[in-house]
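Student: Please find one structure pasted underneath; my questions will follow.
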Amino acid sequence: MPVIDLSSTDIGSLPAGGLQVEFYDASFAAPGSFGVRVNRGGRRSFFLILQIGGRRRRVTLGHFPTLSIEQ
């Protein structure tokens, strides 16, 4: 589970490997986690992990480059 500063990272340059990799944002200050998932084919998806009703939920926000880190 790599933790990086996503705001200063080129999302398109994150490596795709043989497995799915998730990069978590080190500067995310709200409760939960924010990050980008890179699948084996190189598709990048932004996600948010929250605690809702005592259960951990993952929400996919959108895919890069359709959605940018600023959005």
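Student: Report the residue count in the range 40-71 for those that are open to solvent by 50 Å² or more (accessible area, probe 1.4 Å) and polar (S, T, N, Q).
Tutor: Of the residues in that region, 4 qualify.
Student: Of all strands (runs of 3 or more DSSP E) completely enclosed by the range 15-59, which ones contain at least 1 residues that are over 12 Å from the mean Cα position of the chain (by Cα) and either without any contact (Cβ under 8 Å) to a residue 60 or more places away in the chain or at positive phi (or both)?
Tutor: Per the criteria, 44-52.
Student: Of all residues in the range 1-11, which are outside any loop (DSSP other than H, G, I, E, B), touching a strand residue (DSSP E or B) at 6+ places or on another chain (Cβ under 8 Å) and open to solvent by 40 Å² or more (accessible area, probe 1.4 Å)?
Tutor: V3, I4, S7
Student: Ok, one more. Any residue at all in the range 62-69 that's in a loop (DSSP other than H, G, I, E, B) and of a type in the set (G, A, S)?
Tutor: yes
The values are calculated or read from the model by the stated rules, or taken from the named source; none is laboratory data. Since the model is a prediction, treat every value here as computed from it, not as a measurement. With ideal geometry, Cβ positions are generated from the backbone for all residues, glycine too; neighbour counts draw on all protein chains shown. Please note that ligands, DNA and RNA were not included when accessible areas were found on the heavy atoms of the full protein model with its side chains. Shrake-Rupley method; radii C 1.70, N 1.55, O 1.52, S 1.80 Å.
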